[in-house]
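Every number in this text was worked out from the coordinates using simple rules, so none of it is lab data. The structure presented is a predicted model; accordingly, all values stated were derived computationally and were not measured. Heads up, the Cβs are rebuilt from the backbone with ideal geometry, glycines too, and the neighbour counts pull from every protein chain shown.
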Amino acid sequence: MIRNSATELMQILKDMEQFHVPMDDFAQALWRLSTVDALPGLDLSREYSSRGPTFFGLHDLGHTVRVAFWVLYLVEISNRLGYPINNDETLAVLYAALIHDLARVDDLPGGQHGLDAARRYRPVLEGHLKPDLLERCLKAVEIHGYKDEPLLPDPVWMTLKDADALDRARLGPPGHWESCDPSRLRLPVLTENTPVLEACLSISRLLLDFLDPRKSEPGICAQAVDMMAQRLINGSNGTDPKMREAVLLVTDRLLTG
């Protein structure tokens with residue numbers, strides 16, 4: 001399955017280039033994900049080690065890591081296609097992605113855990129985000145589990161919402177009532193670019209085969225990216241030389257060993 005998933009993923013990334021989204025944007029998002037462990041103020045592995053109830057549930061460590069990836073990839077392609085999200089906003093939504101489910105006590109739908117997480121992690125993040133960005137970050141966390149949304153668009157809460165929604169691929173196949181509903185996505189890079197939207201939906205399904213860390217330990221994001229790179233390389237063995245070359249171009253900067 002990994003072999004087929006690797007070639008399918010790479011073909012999608014190659015196809016996206018005709019819509020002005022180079023494979024390097026995907027590689028850059030993965031590389032940035034590998035550096036997330038070094039973000040000051042928050043040790044994701046320690047936070048998950050202390051949780052317990054939903055560690056192997058629907059909102060587990062793998063979900064959080066994939067949402068962080070989607071934040072970074074959506075930022076890359078948004079900036080690429082003329083929908084700017086600046087570095088401060090990216091940092092705010094990345095922190096939001098890391099904490100958004102850390103106050104969960106179960107896998108049930110609802111928004112209370114977002115309110116609880118925002119309250120719990122406010123003092124943790126206060127020294128690491130500018131005051132206005134802190135409020136935007138915490139607002140994104142507070143509302144991510146609710147259907148009602150703020151009247152004013154903001155790339156911080158919109159990116160978290162869409163990143164979280166794209167990982168609903170883990171809940172069911174396309175068209176399933178629990179899977180990602182593309183009509184509810186918000187970022188203009190998706191709503192105004194149908195081929196990019198469709199590609200992201202396909203990637204979200206395949207990402208489950210590659211980016212699914214289970215063991216909470218220091219350096220978890222870097223290890224998850226390293227494992228994904230190895231799986232892509234292994235899955236491309238024996239394939240068309242051009243496909244193999246594309247895999248190596250994506251994974252070259254990712255391997256730590």
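Which entries in K161/K215; K147/K215; K130/K161 show an alpha-carbon gap greater than 30 Å? Kindly include the intermediate steps, with their values, before the conclusion.
Working: K161/K215 26 Å; K147/K215 32 Å; K130/K161 21 Å.
From K161/K215; K147/K215; K130/K161, over 30 Å: K147/K215.
Return the calculated 222 nm mean residue ellipticity for the chain, to the nearest 500 deg cm²/dmol, obtained by summing -39500 (n - 2.57) across DSSP H runs with n ≥ 4 and dividing by the residue count. Walk me through the numbers before you get to the answer.
Values: 12 runs with 151 residues, N = 257.
Mean residue ellipticity, 222 nm, calculated: -18500 deg cm²/dmol.
Hey, could you get me the Stokes-Einstein D for region 2-251, Kirkwood radius over alpha-carbon pairs, 10 °C and 1.306 mPa s, rounded to whole µm² s⁻¹? Before the final figure, lay out each step's value.
On the way: Rh = 18.2 Å.
My calculation gives 87 µm²/s for D.
Using a basic spin-label model with each label point 7 Å from the Cα along Cα→Cβ, how many nm lie between D106 and L151?
With each label placed 7 Å out from Cα toward Cβ, I get 3.5 nm.
How big is the equivalent ellipsoid of region 66-179 along its three axes, where each semi-axis is √(5λ) from the Cα gyration tensor, reported in whole Å from largest to smallest? Don't skip to the answer; put the middle values down first.
Details: eigenvalues 89, 74, 27 Å².
Over the Cα atoms of region 66-179, the ellipsoid semi-axes are 21, 19, 12 Å.
Taking K14 as the anchor, which aspartates and glutamates have their alpha carbon closer than 18 Å to its alpha carbon, excluding any fewer than eight residues away along the same chain?
Cross-link targets: D24, D25, E76, E198, D240, E245, D252.
Sorted from fewest to most neighbouring beta carbons within 10 Å, what does the list L208, L33 look like?
Details: L208 15, L33 25.
With the fewest neighbours first, L208, L33 line up as L208, L33.
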